[in-house]
Ligand code: SAH
């Protein structure tokens, strides 16, 4: 036995492997992110310059304002139901929901109808959310099964699906091996392979043909399970969902699991519980599951195009015009503020920033309802 490390989570993972054998990447990822005491999200607020990474709502208020516009339009297209569930999954600091509510303040009836629900695993982030949403009645839930009413449900999730665990399968001729986390020399964590027993592989159909010998196929049974539950919810209660995330439009071979700490990439097996683990989202799979369940999809479309379709550039210009108009001869024009709006806009929509890598997809139970923003370019 090696001496205990500085990390209680690393010790726990080692002893689990010693007892039960190598663990799948999904179990590893779930422990790293969501272990009740030592999981990454359970112990910290990871966002912003002093944290590990930044997300779209934290970059600029414009993002949440556009999602607010999208939701208000959807609500009108749904016939302005007098009650609906507005559910955000993985709401982080609550910034997106706060911006949505601010942006929809002047839409008559929207605030009265919206019943805010937040699905959040982290007590630290729940606390942050309760502070920024103090003026709104808000309900926290642990999972989608907690929703059980007859009213429409609108689900939004930004950078949520990428936090759900993945599994890696390596093609070995006609069969597959699963990549697992085991113990190497000096009790360090290291990757290994075991025979794959995941039944989901059989349902892949043509998609697995794209993977050559020795290549890795990354699958997320957790994303699939979550999307299937969303589909059921949309069909049972009526409604729509919008997910924004980094990911690819077509299923492809290769791994995208990554660890980020202090805005830098690091080894996935180093510092378990102290770096953010995410994987790109397979949007083709999301769309395929929706169609299978009789739900209609829009997109995936690049985030930059989606936000431009919703009018983000006009909104940015309006904010800038407002600042220029309000400038007095004493204070002058607030140049730093104007620069912040411009740089936030560019980070969100430029193709070499978040504009292309990030994508949006919407799901809706009703083929007649076309959510805003999904046409290709203006
Ligand atoms: N949407 C936010 C935060 C993205 S980070 C933003 O864009 O800024 C991922 C979020 O999902 C965090 O709030 C994290 O705590 C939450 N999360 C991760 N796994 C979860 C799970 N299984 N159930 C609920 N929330 C989860």
- Query: When N counts the residues of region 270-378, how does its alpha-carbon radius of gyration compare numerically with 2.2 N^0.38 Å, as a ratio?
  - Reply: 1.46
- Quickly rank 90-99, 148-157, 304-313 as a protection proxy: mean count of other C-beta atoms within 10 Å, highest first. 90-99, 304-313, 148-157
- Work out the FRET efficiency for residue 342 and residue 266 from their Cβ-Cβ distance, taking R0 = 25 Å, and round it to the nearest 0.05. 0.20
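Pulled fully out, how much extra length does the chain show between residue 293 and residue 356, if you take 0.36 nm times their separation in residues and subtract their Cα-Cα distance? It would help to have the intermediate numbers written out before the result.
Details: separation 63, 0.36 × 63 = 22.68 nm, distance 2.80 nm.
This chain segment gains 19.9 nm when fully extended.
When every alpha-carbon pair in region 1-108 is counted, what percent end up more than 18 Å apart?
Values: 3715 of 5778 pairs.
More than 18 Å apart: 64 percent of the Cα pairs in region 1-108.
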- Message: Nearest 500 deg cm²/dmol is fine: what mean residue ellipticity at 222 nm does the chain get from its DSSP H runs of n ≥ 4 alone, each adding -39,500 (n - 2.57), divided by its residue count?
- Response: -10500 deg cm²/dmol
- Message: Let me see the P(r) profile for the chain: every Cα-Cα distance counted, bins of 10 Å, each bin given as a percent of all pairs.
- Response: 5, 22, 31, 25, 12, 4, 1, 0
- Message: Starting from the 7 Å offset along Cα-to-Cβ, what nm value, one decimal, do you get for the label separation of residue 177 and residue 324?
- Response: 6.3
- Note on the structure: GNM on the chain, Cα springs under 10 Å; top mean-square fluctuation among 147, 164, 125 goes to 147
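Determine the shape class of region 208-345: with a ≥ b ≥ c the square roots of the Cα gyration tensor eigenvalues, call it rounded for a/c under 1.5, and otherwise prolate if a/b is greater than b/c, oblate otherwise.
Values: a/c = 2.77, a/b = 1.61, b/c = 1.72.
Note, shape of region 208-345 comes out oblate.
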- Task: Could you work out how far the C-alpha centroid of region 130-177 sits from that of region 43-97, in angstrom?
- Result: 14
- Message: Just to be sure I understand the model, the point goes 7 Å from the Cα along the line to the Cβ. What's the resulting residue 314 to residue 212 distance in nm?
- Response: 4.8
- Round to the nearest 10 and give me the degree value, 0 to 90, for the angle of helix 335-349's Cα axis relative to the longest principal axis of the chain. 50
- Message: Report the gain in length on full extension from residue 229 to residue 80: 0.36 nm times residue separation, minus Cα-Cα distance, nm rounded to one decimal.
- Response: 51.2 nm
- Contour minus Cα-Cα span, residue 335 to residue 145, at 0.36 nm per residue, comes to 63.6 nm
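Quick one: of the DSSP bridges fully inside region 217-307, what percent are antiparallel, nearest 5? Walk me through the intermediate numbers first.
Values: 6 of 9 bridges.
Restricted to region 217-307, the bridges split so that about 65 percent are antiparallel.
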- Task: Kindly identify region 236-316 as rounded, prolate or oblate by the Cα gyration tensor criterion: order the square roots of the eigenvalues as a ≥ b ≥ c, call it rounded if a/c is under 1.5, otherwise compare a/b with b/c, prolate if a/b is larger, else oblate.
- Result: oblate
- Task: Divide, for region 34-167, the radius of gyration over alpha carbons by 2.2 N^0.38 Å, where N is the residue count.
- Result: 1.06
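State, as an integer percentage, the relative contact order of the chain based on alpha-carbon contacts under 8 Å between residues 6 or more apart.
Working: 707 pairs, mean separation 72.0, N = 378.
Normalised by residue count, the contact order of the chain is 19 percent.
For region 76-143, what mean projected area does the convex hull of the alpha carbons give, in nm²?
On the way: hull surface 18.0 nm².
With every direction weighted equally, the projected area is 4.5 nm².
Antiparallel versus total DSSP beta bridges in the chain: what percent is that, nearest 5?
Numbers: 35 of 59 bridges.
Within the chain, antiparallel bridges account for around 60 percent of the total.
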- Query: Rounded if a/c is under 1.5, else prolate if a/b is larger than b/c, else oblate: which is region 156-269, with a ≥ b ≥ c the root eigenvalues of its Cα gyration tensor?
  - Reply: oblate
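Here, each number is a calculation from the coordinates, and none is a lab measurement. Computed from a predicted structure; not experimentally measured. Ideal geometry is used to build each Cβ from the backbone, glycine not excepted, and the neighbour counts take in all protein chains shown.
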